[in-house]
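Trainee: Dropping a structure here in structure tokens format, bear with me for questions.
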Amino acid sequence: MMADAIRLLLFPAMMAFAASSDLLTMTISNRVSLILIGSFFVLALAWGMPPVEIGIHIGAALAVLVVSFTFFARGWIGGGDAKLAAATALWLGFDQLLNYLTFASLIGGLMTFAIMKFRLMPLPAAIAGQEWAQRLHRTDAGVPYGIALALAALMIYPDTPWMTFGM
């Protein structure tokens, strides 16, 4: 019962929280990544995932962590984005990693283009008083890439073994 709740609710909820947090504050709490990592291991053990398979998932997370922290060091993404991408890769493993990274890149590119266009226009009066909208509209602000990472994860998640196989 607890494993089903984690499998069905926790991962999607953490993705939704990360996306909304990044939009509203331009930060993704470390707690999101820690909850994803901890719940992966709880679910993997409850599901009886073989140790070799767990190791492969860890390998996917470490590969993404190395690349994403290189991006962070260059100032291309935020630290929360790097940690979220790695924690997501832990859940997806190598089987879904290419799809995830492809969707995240495409969504992120489209989102970045849309935000760049948004920044060229006057801030709409309906949201002009909102701090998050003002921050998003500033030309010196970053792009909340956690939104793209979370949307890509939610698009891929239904095709993962977590959702396609009964527990």
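The values are calculated or read from the model by the stated rules, or taken from the named source; none is laboratory data. Note that the structure is predicted; figures quoted are calculated from it, not measured. FYI the Cβ positions are ideal-geometry reconstructions off the backbone, even for glycines, and counts take in every protein chain you see. The protein model used for the area step is the full one, side chains on, heavy atoms only, and it has no ligands, DNA or RNA in it. Shrake-Rupley method; radii C 1.70, N 1.55, O 1.52, S 1.80 Å.
Trainee: Here are the criteria: (1) among the hydrophobic types (A, V, I, L, M, F, W, C); (2) open to solvent by 50 Å² or more (accessible area, probe 1.4 Å); (3) at pLDDT below 95. Tell me which single one Leu34 does not satisfy.
Mentor: (3)
Every residue, every condition in (1) farther than 16 Å from Ile147 by Cβ; (2) at pLDDT below 95, yes or no:
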{"residue": "Gly48", "(1), (2)": "yes, yes"}
{"residue": "Ala60", "(1), (2)": "yes, no"}
{"residue": "Val67", "(1), (2)": "yes, no"}
{"residue": "Thr70", "(1), (2)": "yes, no"}
{"residue": "Asp81", "(1), (2)": "no, no"}
{"residue": "Thr88", "(1), (2)": "no, no"}
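Trainee: Among residues belonging to the range 6-44 that are of a type in the set (D, E, K, R) and farther than 20 Å from Asp159 by Cβ, point out the one that is nearest to the chain's Cα centre (by Cα).
Mentor: Among those residues, the one meeting the criterion is Asp22.
Trainee: I'd like the full set of residues that are farther than 15 Å from Ile147 by Cβ and open to solvent by 20 Å² or more (accessible area, probe 1.4 Å), limited to the range 7-28. I'd like the intermediate steps shown before the answer.
Mentor: Taking the range 7-28 first, the residues farther than 15 Å from Ile147 by Cβ are 7-11, 13.
Of everything in the range 7-28, those that are farther than 15 Å from Ile147 by Cβ and open to solvent by 20 Å² or more (accessible area, probe 1.4 Å) turn out to be Arg7, Leu8, Leu9, Leu10, Ala13.
Trainee: Is there any pair with a first residue in the range 80-107 that is over 14 Å from Phe40 (Cβ atoms) and a second that is in a helix (DSSP H, G or I) and among the charged types (D, E, K, R) whose Cβ atoms are under 8 Å apart and which are 6 or more apart or on different chains, and what are they?
Mentor: Gly80/Asp22; Asp81/Asp22; Asn99/Asp159
Trainee: Between a first residue in the range 61-73 that is touching a residue at least 24 places away in the same chain (Cβ under 8 Å) and a second residue that is open to solvent by 80 Å² or more (accessible area, probe 1.4 Å), which pairs have beta carbons less than 9 Å apart while being 6 or more apart in sequence or on different chains?
Mentor: What qualifies is Ala63/Phe94.
Trainee: Follow-up. Would you confirm, using the coordinates I've provided, whether Leu123 is surrounded by 13 or more Cβ atoms within 10 Å (Cβ to Cβ), at pLDDT below 95 and over 18 Å from Phe40 (Cα atoms)? First the steps, then the outcome.
Mentor: Working: surrounded by 13 or more Cβ atoms within 10 Å (Cβ to Cβ): yes; at pLDDT below 95: yes; over 18 Å from Phe40 (Cα atoms): yes.
Yes, satisfied.
Trainee: Let me ask something else about it. Which one of these does Ala73 not meet: (1) over 17 Å from Pro158 (Cα atoms); (2) hydrophobic (A, V, I, L, M, F, W, C); (3) surrounded by 17 or more Cβ atoms within 10 Å (Cβ to Cβ)?
Mentor: (3)
Trainee: Among the residues of the range 73-84, are any farther than 30 Å from Ala5 by Cβ and in a helix (DSSP H, G or I)?
Mentor: Taking every residue of the range 73-84 in turn, at least one turns out to be farther than 30 Å from Ala5 by Cβ and in a helix (DSSP H, G or I).
Trainee: Can you tell me which residues in the range 90-110 are open to solvent by 30 Å² or more (accessible area, probe 1.4 Å) and either modelled with pLDDT under 95 or in contact with a helix residue (DSSP H, G or I) (Cβ under 9 Å, 6 or more places away or on another chain) (or both)?
Mentor: Phe94, Asp95, Asn99, Leu101, Thr102, Phe103, Ser105, Leu106, Ile107, Gly109, Leu110
Trainee: Can you find a residue in the range 138-145 that is modelled with pLDDT of 95 or more and open to solvent by less than 90 Å² (accessible area, probe 1.4 Å)? Lay out the reasoning, then the answer.
Mentor: Keep residues of the range 138-145 that are modelled with pLDDT of 95 or more, which gives 144-145.
Add one more test, that the residue is open to solvent by less than 90 Å² (accessible area, probe 1.4 Å), and what stays is 144-145.
Yes, that holds for at least one residue.
Trainee: With the structure loaded, tell me whether Ala152 is open to solvent by 40 Å² or more (accessible area, probe 1.4 Å), under 23 Å from Gly79 (Cα atoms) and either of a type outside the set (Gly, Ala, Ser) or modelled with pLDDT of 95 or more (or both) or whether it fails that test. Walk me through how you get there before you give the answer.
Mentor: Details: open to solvent by 40 Å² or more (accessible area, probe 1.4 Å): no; under 23 Å from Gly79 (Cα atoms): yes; either of a type outside the set (Gly, Ala, Ser) or modelled with pLDDT of 95 or more (or both): yes.
For Ala152, the condition - open to solvent by 40 Å² or more (accessible area, probe 1.4 Å), under 23 Å from Gly79 (Cα atoms) and either of a type outside the set (Gly, Ala, Ser) or modelled with pLDDT of 95 or more (or both) - is not met.
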